[in-house]
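Peer 1: Please find one structure pasted underneath; my questions will follow.
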Amino acid sequence: MRDDRLLLKQAQAGDLKAFEALIQLHSHGVYNLALGYTGRPHEAEEIAQTVFVKVWKALPQFRGGSSFSTWLYRLTINACTDHYRQEKKRRGDLSLDDPDLAPIPDTAPSPEEIVIRREEQAILRKALAELPEQHRIILILRELDGLDYKELAQVLDIEVGTVKSRLARARRALRDKLLTEGNLLEDPPSNPVKGGMVP
Amino acid sequence: MISCEHCEELLSARLDGELSQEDALLLKEHLEQCPDCRKLDRDLTALRTHLKALSSQPSEDFASAILSQLEVPTMQSENKKKKGPWAVIACAAAAVVLMVAVLSPFGGSEGDTASAEAGEAPASADVTGGAPAEDKALEESRTEEEADPLPPIEPLTEQEALKLLQNYLIDMGLSLDIEPGDLSPDESFWSFTARSKDTGERYLYSVYCIDGFVEEIMIP
């Protein structure tokens, strides 16, 4: 997470350019959190856009009780939680055959590789979706958004010690789930995503 | 030797670069003795690689799509932001006029009634002094999103006001402890004091009975 105070101040004064810069800085984090929840790029983008529109409307009320990043991630978690519950009620569990699952973010893999990796991603997303909510959130924020322990503690409003133990339990839970549902962990991808992580 | 449960936590911390040298030695010692934890170590490393591969970027027009949805502040919305106790009294008066207009046999048409939203009508009255033609023009200029429900006739109960405030705080992603509320002497709004769990700062919230609008004031 970054220090956004200057941009934030300008955006609060109605500066659209400053707000656009804030969007650029945080779009990856917000989008990936939403994508981790939904598994569907189109829905994730809708949620992420809704969050930023809500942020713009709420900027005058934001007094810096927490950092902008913390506030933004909390808003996103709330939006995702609402969306996820509605969708789960409406559609049931995620399907492995869903054509709208996230694309493979990589350079020109062969058709066979695409099929295999799409299946792997679908298995992983399904396993993530089936984790208890607090395990799912902390894994996405750590692994996809790259938040460190201190940032996780702020966003989730828990102690750093709890972050450490919750992450360990979440990883163990996801690993156990994957072991019972296939051989995903026997064969990690040899060519991981190109530059996909936030530092 | 450390337990397997402790080992699990240390393996996770090592993946995050959060392992002390002392813990690294304890972990190494345990892994040499425990095949189950060595398997867990391999699995967690593979799992991390798989999870990172899920990371992706939004579309190129992501920011422009958001910007196209934004409302740039207008005089009308500025008036709403500045709404204070006197404006609330004006709101209440305007609402009474509105209700009379709706109930009167000479009151507005169906279209007028449908567009008489509580949140904006008082602001319009504040700006225009309630001239019907100007009110109508302002009502027509409103977007669908700004529309609020019709005003309640009875003041909100403390529970109702508290619920509105809690929903607002959830919506804003804020984590605050809320103290019991006070109803204003004219029964037009509830005041709640809340404290940030992050910083300990105190905030004052007003929840307006007429439209459920929540206003935030930071206490210096």
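Any read-out appearing in this document is the output of simple, stated calculations on the displayed coordinates, not a laboratory observation. What you see is a predicted model, and the numbers here were worked out from it, not measured in a lab. All Cβ positions, glycine included, derive from the backbone under ideal geometry; neighbour counts span all protein chains shown.
Peer 1: Mind checking the dipole of region A:128-178: about its Cα centre, +1 per Lys or Arg Cβ, -1 per Asp or Glu Cβ, Debye to the nearest 20?
Peer 2: Computed about the Cα centre, the dipole is about 300 debye.
Peer 1: Fewest Cβ neighbours within 10 Å first, please rank A:Glu143, B:Glu179, B:Glu60, A:Glu46 accordingly.
Peer 2: Arranged by neighbour count, lowest to highest, A:Glu143, B:Glu179, B:Glu60, A:Glu46 become B:Glu60, B:Glu179, A:Glu46, A:Glu143.
Peer 1: Could you put A:Thr76, A:Thr81, A:Thr180 in order, starting from the residue whose Cβ has the fewest other Cβ atoms within 10 Å?
Peer 2: Fewest-to-most ranking of A:Thr76, A:Thr81, A:Thr180: A:Thr180, A:Thr81, A:Thr76.
Peer 1: How do B:Glu8, B:Glu201 rank when sorted from fewest to most other Cβ atoms within 10 Å of their own Cβ?
Peer 2: Numbers: B:Glu8 21, B:Glu201 16.
Listing B:Glu8, B:Glu201 from fewest to most nearby Cβ atoms yields B:Glu201, B:Glu8.
Peer 1: Longer than 32 Å from Cα to Cα, which of A:Lys89/B:Lys39; A:Lys54/A:Lys126; A:Lys126/A:Lys150 are they? Say none if no pair is.
Peer 2: Over 32 Å Cα-Cα: A:Lys89/B:Lys39.
Peer 1: Using a 10 Å cut-off around each Cβ of peptide B:167-175, what is the average number of partner chain Cβ atoms that fall inside?
Peer 2: 6
Peer 1: Specify whether the C-alpha gyration tensor of region A:25-65 places it in the rounded, prolate or oblate class, a ≥ b ≥ c being the square roots of the eigenvalues: rounded for a/c under 1.5, otherwise prolate if a/b is larger than b/c and oblate if not.
Peer 2: prolate
Peer 1: Within 10 Å of each Cβ in A:125-131, how many Cβ atoms from other chains are there, averaged over the peptide? Walk me through the numbers on the way to the answer.
Peer 2: Values: counts 1, 0, 2, 2, 0, 0, 0.
For peptide A:125-131, the averaged partner shielding equals 1.
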